Amino acid sequence: MSHTCRIELDGTPHEFPVVEGSEKELSIDISTLRDRTGYITLDDGYSNTGSCKSAVTYIDGDKGILRYRGIPIEQLAEHSTFVETAWLVIWGRLPTEQEMERFSRRLTMNQMMHESLRSHFAGFPPNAPPMAILSAMINAMSCYEPQMMDIEDDNTMEKAAARIISKVRTIAAASYKMSIGQPLMYPHPEYKYCENFLHMMFSIPYREYWPTPEVSRALNLFLILHADHEQNCSTSTVRMVASSQANMFASCAAGVCALWGPLHGGANVAVIEMLEFIKQSGMKVSEYIERVKQKDTKLKLMGFGHRVYKNFDPRAKILKDAADKMLARLNISDPLLDIAQQMEEVALNDDYFIERKLYPNVDFYSGITLRAMGIPLNMFTVMFAIGRMPGWIANWKELHDDPKSRIYRPRQVYTGHTLRDYVPVEQR
Ligand code: SDX
């Protein structure tokens, strides 16, 4: 295999090195292209552009493979917990018992917010979008942790990671409580990660909420499946911000903003809204799908399609199975699940979707699972953010630890006006 690539520009041949990844993916290193040829590349949406080398997550979109630090998502879904997976994603290996105990202790020590941080919530209107609160409060949190802004050793790194991963639950639950006019619940020092979050979400004074084992397991699974996903939109945003040497809190707060969009993490809300529309309108699934195929409707099958997966998204398969089992065990029948399963069946046998390799992605069934846990719709994307926090932190760390990392500063192809003079207002 030749390890160079030859490009001819204006009759002149230029050779560029080929870089091979640990899973044999091939890339052309064009870092000297502009200096040597004056050309830049143009790649709308970065579909063909590698922004970095990373050792955190591997995806094979054609084979439906997803591995965190080499471990298949199916094995983590079956055997791990979110806290253990978070440690794996950030530090690159499964933790020893001692490391798990220390990290769990740090999560517990950092689960409460600074009391004056709690008062910020009173400043938000009751209908404030929880994603706006989450992003604002992650940044606000850093004001109380100045020592976490400058991470120069593994110990401080783990403390900072524990702070964000732990407190993001408390902030999320607090934003929900504010939105329904209930008092904020303090985290319980004896509860594990997921149980504590659900306690802060659903307990009220003098009546503790304690989740069933099914719900705790379902939440752990949901968070494990969302922990990282290569250079997706929000993770790339985290790296963009981190590349200017901004602190971890600012980078993760930016990641929350990118995740908010309906084409990305906001899709889990859009899927439920789509299924609800079909249910309320009485429209047949096949009729809705026909409308999606008509371009002028600008409708998309939310929860379908993916930039990388051109086969099934392994997370969707796991979540579909988990949703099925949890609803059965909780004896819940959710008509939206029936509609979703119908939709998948029809779409996967329709040429429009087959030709475009559109399959259910992680968001298609995740909303059904969250509904069964009693999570309100406006908190769905926040749940995605809680799950993705370890992946954002791992990517921030990877860039921060790289002595050769440079500020991200893409170029452009200018298409605006060529040179023209200023015209005084009286002559316009
Ligand atoms: C996540 O990147 C990640 O890893 C993200 C994520 C993660 O874990 O971080 O996996 C999480 O964001 C999952 C995606 C959630 N978004 C949705 O479910 C929204 C619906 N999906 C689409 O918007 C779309 O599929 C994207 C945004 C996910 C991917 O968009 P691309 O890669 O830019 O695909 P495209 O727009 O170029 O589509 C190619 C064709 C087009 O048709 P033609 O112009 O060729 O005729 O497929 C069509 C699109 O119109 N198409 C869809 C469709 N998705 C693409 N048609 C109907 N319904 C859809 N959902």
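Yes or no, residue by residue, for (1) in contact (Cβ under 8 Å) with a residue 12 or more places away in the chain; (2) part of a helix (DSSP H, G or I); (3) within 23 Å of the chain's Cα centre (by Cα):
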position	(1), (2), (3)
LYS167	yes, yes, yes
GLN182	yes, no, no
GLU190	no, no, no
PHE197	yes, yes, yes
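Please name all residue pairs, on different chains or six or more residues apart, with Cβ atoms under 6 Å, provided the first residue is in region 27-51 and is free of Cβ contacts under 8 Å to residues at least 40 places away in the same chain and the second residue is of a type in the set (D, E, K, R).
Note: pairs meeting the criteria are THR49/ASP43.
Which condition from (1) closer than 30 Å to HIS79 by Cβ; (2) within 14 Å of the ligand (Cβ to nearest atom) is the one that ARG217 breaks?
Tallying (1) closer than 30 Å to HIS79 by Cβ; (2) within 14 Å of the ligand (Cβ to nearest atom), ARG217 fails exactly one: (2).
Here's a check for you: in region 37-87, which residue that is part of a helix (DSSP H, G or I) and in contact with a strand residue (DSSP E or B) (Cβ under 6 Å, 6 or more places away or on another chain) is farthest from ARG102 (Cα to Cα)?
THR37
For region 108-122, give me the residue count where each residue is in a helix (DSSP H, G or I) and either open to solvent by less than 70 Å² (accessible area, probe 1.4 Å) or not assigned by the TED database to the domain that holds ALA162 (or both).
So the answer is 5.
Inside region 1-30, can you point out the residues that are in contact with a helix residue (DSSP H, G or I) (Cβ under 9 Å, 6 or more places away or on another chain) and surrounded by fewer than 11 Cβ atoms within 10 Å (Cβ to Cβ)?
The answer is ASP10, THR12.
When you look at ARG406, is it in a loop (DSSP other than H, G, I, E, B), touching a helix residue (DSSP H, G or I) at 6+ places or on another chain (Cβ under 9 Å) and open to solvent by 80 Å² or more (accessible area, probe 1.4 Å), yes or no?
No; evaluated as a whole, the condition is false for this residue.
Just to be sure, is MET141 closer than 22 Å to TRP87 by Cβ and modelled with pLDDT under 95?
Values: closer than 22 Å to TRP87 by Cβ: yes; modelled with pLDDT under 95: yes.
Here the answer is yes, as MET141 does meet what is asked.
It is to be established whether one or more residues within region 207-229 are in contact with a helix residue (DSSP H, G or I) (Cβ under 7 Å, 6 or more places away or on another chain) and among the basic types (Lys, Arg).
Looking for residues that are in contact with a helix residue (DSSP H, G or I) (Cβ under 7 Å, 6 or more places away or on another chain) and among the basic types (Lys, Arg), one finds none in region 207-229, hence no.
Of all residues in region 303-329, how many are closer than 25 Å to ASP62 by Cβ and in a helix (DSSP H, G or I)? Step through it out loud before you land on a result.
Taking region 303-329 first, the residues closer than 25 Å to ASP62 by Cβ are 303-322.
Now narrow it down to the ones that are in a helix (DSSP H, G or I): 314-322.
Qualifying residue count for the region: 9.
If I ask for residues that are touching a strand residue (DSSP E or B) at 6+ places or on another chain (Cβ under 7 Å) and open to solvent by 10 Å² or more (accessible area, probe 1.4 Å), which ones from region 261-310 would you list?
PHE304, VAL308
If GLU230 satisfies all but one of (1) of a type in the set (Asp, Glu); (2) part of a helix (DSSP H, G or I); (3) in contact (Cβ under 8 Å) with a residue 40 or more places away in the chain, what's the number of the condition it fails?
Only one criterion in (1) of a type in the set (Asp, Glu); (2) part of a helix (DSSP H, G or I); (3) in contact (Cβ under 8 Å) with a residue 40 or more places away in the chain is unmet by GLU230, namely (2).
So which residues in region 1-58 are of a type in the set (D, E, K, R) and in contact with a Cys (Cβ under 8 Å, 6 or more places away or on another chain), if there are any at all?
GLU15
Please specify each residue of region 242-260 satisfying the condition of being buried (at least 24 other Cβ atoms within 10 Å of the Cβ) and either over 16 Å from MET141 (Cβ atoms) or more than 12 Å from the ligand (Cβ to nearest atom) (or both).
The first filter runs over region 242-260 and keeps only residues buried (at least 24 other Cβ atoms within 10 Å of the Cβ), leaving 242, 248, 251-253, 255-256, 259.
Within region 242-260, ALA242, MET248, SER251, CYS252, ALA253, VAL256, LEU259 qualify.
The values are calculated or read from the model by the stated rules, or taken from the named source; none is laboratory data. A quick note: this is a predicted structure, and the numbers were derived from the prediction, not measured. Neighbour counts are summed over all protein chains in view; Cβ atoms, including those assigned to glycine, are modelled from backbone coordinates with ideal geometry. The protein model used for the area step is the full one, side chains on, heavy atoms only, and it has no ligands, DNA or RNA in it. Shrake-Rupley method; radii C 1.70, N 1.55, O 1.52, S 1.80 Å.
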